[in-house]
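The next block holds one structure in the form of structure tokens; read it before the comments.
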Amino acid sequence: MKARITSNLEEAKNLLEKGALVAIPTETVYGLAGNAFSAETVIQIFETKNRPHFDPLIVHVANRERVGEVVAEIPEVAQELMKNFWPGPLTIVLRKSSAVPDIVTSGLETVGVRMPNHPMTLELLRSLDFPLAAPSANPFGYISPTSAQHVAKQLGDHIPFILDGGVCSVGVESTIIDCTQSKPVILRLGGTTIEQITNAIGEVEVNTVSSSAPQAPGMTLSHYAPRKPLFIGDIRALLNSMKGNVSVLSFKDEYAGCRTIRLSETGDLREAARNLFSAMRELDAEDTTAIVAEWVPDIGLGRAINDRLRRAATK
Ligand code: TXA
Ligand code: MG
């Protein structure tokens, strides 16, 4: 099988209705989508990604009205979050309805739901009479794809169709917030910042590290990893201490004499987030032995960037 890459929504719709998998664009990263109500289809998603069955999938919906199809109840705080951040990079964990097969949620009583902010995918979702379960469209453990070409390179032989919606505008995955507890808990840092969430609903807890439990299994530490060792710290010092041909992933500065990718020459965190995964891929593919990188300012989207760098780094 060699995936066709087009922007033909009709073809994507037909394939999904037949139970096939389609890679879809979102504002965060590309997803590997299938009918969330079909256990058979969802099994194919796990198999194609080589993803362990204990790692639950996010369910994508066309609009707020259709959340009721997949969850048992919507607490007020979740309503507030949807009003403020949907469509957008925020996944809300709620108690699931019986319509969602257990395999989607890895047996959990809760389901992660989001309304993505991409015009093509929203139109596709509106045209379907089922929601789409979709993890990021990468082999398990590798860097998430932010373009149709990234998907084609890694999964192109295993899926029939990639819906090409261009380069992802946010570039890191959605923030995940659990609204099933008395106080909302952020489980994954992502495209919606803690600052934005706090502004909308007040103080929240952040629990993105205790990932041994099935709460957020996708957040196991070695995630988003390039194949090549990646070291984070002071770039100059790292370069001085390392032998051989090394590439540099910097926030904004150029490093003379080294192959360098700068995430944002002007130091803009949104631009840096947008470029992060494609920069990691590009440096991973090059003829160097390692990548050295540095932390970005730990505010706003910078927290999500630093989180992905930490998970990609060599221990
Ligand atoms: O931006 C995104 O969220 C992208 C696009 C495609 O929407 N999707 C994505 O999916 O990043 P994935 O499968 O790579 O990450 C989903 C993560 C899981 O690893 C898990 O940590 C968390 O979402 N998750 C899903 N359902 C959950 C639940 N019921 N409770 C807690 N965490 C859940
Ligand atoms: Mg993923």
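Computed from the coordinates by the stated procedures, all read-outs in this text should not be read as laboratory data. On a predicted model such as this, the values are computed, not experimentally measured, just so you know. Using ideal geometry, Cβ is built from the backbone for each residue, glycine included, and neighbour counts are taken over all protein chains shown.
Take the Cα pairs of the chain, get the Kirkwood Rh, then feed it into Stokes-Einstein at 4 °C and 1.567 mPa s and tell me D in µm²/s.
On the way: Rh = 19.7 Å.
Once the numbers are plugged in, D ends up at 66 µm²/s.
Decide, for the range 230-313, between rounded, prolate and oblate: order the square roots of the alpha carbon gyration tensor eigenvalues as a ≥ b ≥ c, take rounded if a/c falls under 1.5, and otherwise choose prolate if a/b is larger than b/c, else oblate.
Numbers: a/c = 1.62, a/b = 1.58, b/c = 1.02.
Judged from the Cα gyration tensor, the range 230-313 comes out prolate (a/c at least 1.5, a/b above b/c).
What's the angle, to the nearest 10 degrees (0 to 90), between helix 76-85's Cα axis and the longest principal axis of the chain?
60 degrees
Relative contact order for the range 4-206: what is it in percent, counting Cα pairs under 8 Å that are at least 6 residues apart? Please list the in-between numbers first.
Working: 452 pairs, mean separation 63.8, N = 203.
That works out to 31 percent.
Using the alpha-carbon atoms, what tilt in degrees (0 to 90, nearest 10) does helix 301-312 show relative to the longest principal axis of the chain?
Here the helix axis deviates by roughly 80 degrees.
To the nearest 10 degrees, how steep is helix 269-285 against the longest Cα principal axis of the chain, on a 0 to 90 scale?
70 degrees
Can you return the aspartates and glutamates within cross-link range of residue 2? Criterion is Cα-Cα under 18 Å, with same-chain partners fewer than 8 residues away left out.
The qualifying aspartates and glutamates are 11, 47, 157, 164.
Using helices alone, what [θ] at 222 nm do you get for the chain, with -39,500 (n - 2.57) per DSSP H run of 4 or more residues, divided over all residues and rounded to the nearest 500? Spell out each step's value before the answer.
Details: 9 runs with 91 residues, N = 315.
Computed mean residue ellipticity for the chain: -8500 deg cm²/dmol.
Taking residue 183 as the anchor, which aspartates and glutamates have their alpha carbon closer than 12 Å to its alpha carbon, excluding any fewer than eight residues away along the same chain?
76, 203, 205
Counting only DSSP beta bridges with both residues in the chain, what percent are antiparallel, rounded to the nearest 5? Present the calculation step by step, with values, prior to reporting the outcome.
Details: 16 of 41 bridges.
Roughly 40 percent of the DSSP beta bridges within the chain come out antiparallel.
Along the Cα→Cβ direction, 7 angstrom out, place labels at residue 245 and residue 83. What is the inter-label distance in nm?
Spacing of the two 7 Å Cα→Cβ label points: 5.8 nm.
Once you put a point 7 Å from the Cα of residue 64 and another 7 Å from the Cα of residue 109, both along the Cβ direction, what distance in nm separates them?
With each label point 7 Å from Cα toward Cβ, the separation is 2.7 nm.
Rank by packing, highest mean first: peptides 297-307, 164-174, 239-249, with packing defined as the count of other Cβ atoms within 10 Å averaged across residues.
On the way: 297-307: 19.2, 164-174: 22.4, 239-249: 15.1.
For the peptides 297-307, 164-174, 239-249, the packing ranking is 164-174, 297-307, 239-249.
Quickly work out the residue 39-to-residue 209 label distance, labels modelled 7 Å from Cα along the C-beta direction, and quote it in nm with one decimal.
If labels sit at residue 209 and residue 39, their model points lie 3.9 nm apart.
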